[in-house]
C-alpha cells in the first residue's frame with residue numbers, strides 16, 4: 001500500500017495552515033499598531049473663531065497641533081551651497097531656507113511695507129540693490145535701519161504664529177528663545193528708528 005501521496009498532501013496542508021496563521025498574526029499586529037498610533041498621534045490643527053465676551057472679542061477654539069523635526073543645515077553654509085540644494089533667500093528673515101520653510105505671502109507683505117535699504121557700511125553710502133539675488137550672495141556685513149530691524153522681528157513672530165495655526169514648517173530661528181529675547185529688546189528700542197545702526201546677519205538655520 002502506497003502512503004506517500006497522503007503524506008505529501010498532509011505536508012502541504014500544514015504549510016498552508018502555517019502561512020495563513022502567520023499572515024493573520026501579521027495583520028493583527030499591523031491593525032494594533034495603527035490603532036495605537038492613531039490614539040497617540042495628535043489631531044491636526046482645526047481652529048475656528050468664536051465670540052466669548054460681551055464686547056464682541058473673538059478667540060480661536062479647537063485643536064492646535066504643531067510638530068516639526070528640524071534638519072540641521074539643510075541649505076549648507078554658503079550661498080553657493082544653498083543654491084545647489086534648491087534653497088531660496090528669505091530677505092526679511094535674512095536666511096537661506098528650503099522653499100517649504102518660507103512664508104512667501106508674508107515675506108511679500110513685509111517687503112512692501114517700506115522702501116527698505118541695505119548698505120555695505122554704516123554711513124549709508126553705495127546701497128545694495130534691494131533684491132534677494134544681490135543680498136543673499138553677500139558674505140560681508142550688511143547694514144540697515146533700526147526700523148527694518150524692528151520689522152524683521154515682528155515678521156519672525158508673525159511667521160511663527162502663521163506656522164502654528166496653519167500647521168506649516170518654519171525655520172529654527174523663529175522658535176529660538178535667544179532670538180525672541182533679542183527681538184524684544186530691539187522692538188522696545190524706539191529711538192532713531194531710521195538711523196543706520198543695525199547689522200543683518202545672513203544665516204543658514206535648521207528647518
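Readers should treat all values here as calculations from the given coordinates under stated rules, not as data from a laboratory. Quantities reported herein were computed from a predicted structural model and do not represent experimental measurements. Glycine also receives a Cβ, built like all others from the backbone with ideal geometry; neighbour counts cover every protein chain displayed.
General remarks:
- The range 76-109 - residue that is touching a residue at least 12 places away in the same chain (Cβ under 8 Å) and closer than 18 Å to residue 166 by Cα and, of those, surrounded by the most Cβ atoms within 10 Å (Cβ to Cβ): 101
- Flag if residue 62 is over 30 Å from residue 96 (Cα atoms) and under 23 Å from the mean Cα position of the chain (by Cα): yes
- Selection count, the range 56-75, where residues are in contact (Cβ under 8 Å) with a residue 12 or more places away in the chain and in contact with a strand residue (DSSP E or B) (Cβ under 8 Å, 6 or more places away or on another chain): 7
- Matching helices (runs of 4 or more DSSP H) fully within the range 132-207 where at least 3 residues are out of contact with any strand residue (DSSP E or B) (no Cβ under 9 Å at 6 or more places or on another chain) and buried (at least 18 other Cβ atoms within 10 Å of the Cβ): 146-166
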